[in-house]
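The values are calculated or read from the model by the stated rules, or taken from the named source; none is laboratory data. Note that the structure is predicted; figures quoted are calculated from it, not measured. Note that we place each Cβ from the backbone using ideal geometry, even for glycine, and neighbour counts take in every protein chain shown.
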Amino acid sequence: MRKTSTLQAVVTVNTVAAMLTLAGTAQATGVAEVKWIEPEKFHDIGLGSFERERNQQALEDIFKQLARQLPDGQTLKIEVTQVDLAGEMRPGSVRDYRIVRGGVDWPRMSVRYSLQAGAQTIKAGQAQIADMNYLFGTRPVQASEGPLPYEKRMLSRWFEETFGSDKP
């Protein structure tokens, strides 16, 4: 009987320790809400509906990842009004390719944004986000960075400049 009690106590202590560890490592984060305003009129978000939806999802994921750097309870509301991805699409026989040359094919976006904490608006505005030197960054973009790496770098810079993030 005593062994069962000791075993139960050890399991209980381990369970409580695990829960405290998880609670300590959980970090409060902000969230993003992204709205697409007439995406069918965007300059370049993809050739067809499948590619457009895939690229919209990739951009939305970038905004959500960036918003995690905000304090708990803050919401970044983004309305995307225009998108022109880096490079240009060249349809291929089997697969479409995005060609980047470093000319006038830099990534750019137009957005309206508001940063809110509950009902209070902390910051709001419109932004024309662009990266004319997208091929000449301090570190080359790697394929392992996922979809739309030039846009991710551009949006990360905008986020840091606009909201003063001090997290990577």
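Of all residues in the stretch 71-95, those that are hydroxyl-bearing (Ser, Thr, Tyr) and at pLDDT 95 or above total 2. Yes or no: GLN126 polar (S, T, N, Q), modelled with pLDDT of 75 or more and surrounded by 11 or more Cβ atoms within 10 Å (Cβ to Cβ)? When the stated conditions are applied, GLN126 does not pass them.
Consider the stretch 27-58 and keep the residues that are among the polar types (S, T, N, Q) and surrounded by fewer than 17 Cβ atoms within 10 Å (Cβ to Cβ). The one that is nearest to THR81 (Cα to Cα) is GLN57.
Cβ-Cβ contacts under 6 Å between residues 6 or more apart (or on different chains), taken from a first residue in the stretch 139-158 that is under 17 Å from SER110 (Cβ atoms) and assigned to a helix (DSSP H, G or I) to a second residue that is among the aromatic types (Phe, Trp, Tyr) and at pLDDT 75 or above, are listed as TYR150/TYR134. Residues in the stretch 59-82 that are surrounded by fewer than 18 Cβ atoms within 10 Å (Cβ to Cβ) and under 11 Å from the mean Cα position of the chain (by Cα): 5 in all. Scanning the stretch 96-123 for residues that are touching a strand residue (DSSP E or B) at 6+ places or on another chain (Cβ under 7 Å), surrounded by 14 or more Cβ atoms within 10 Å (Cβ to Cβ) and modelled with pLDDT under 85 gives ARG98, ASP105.
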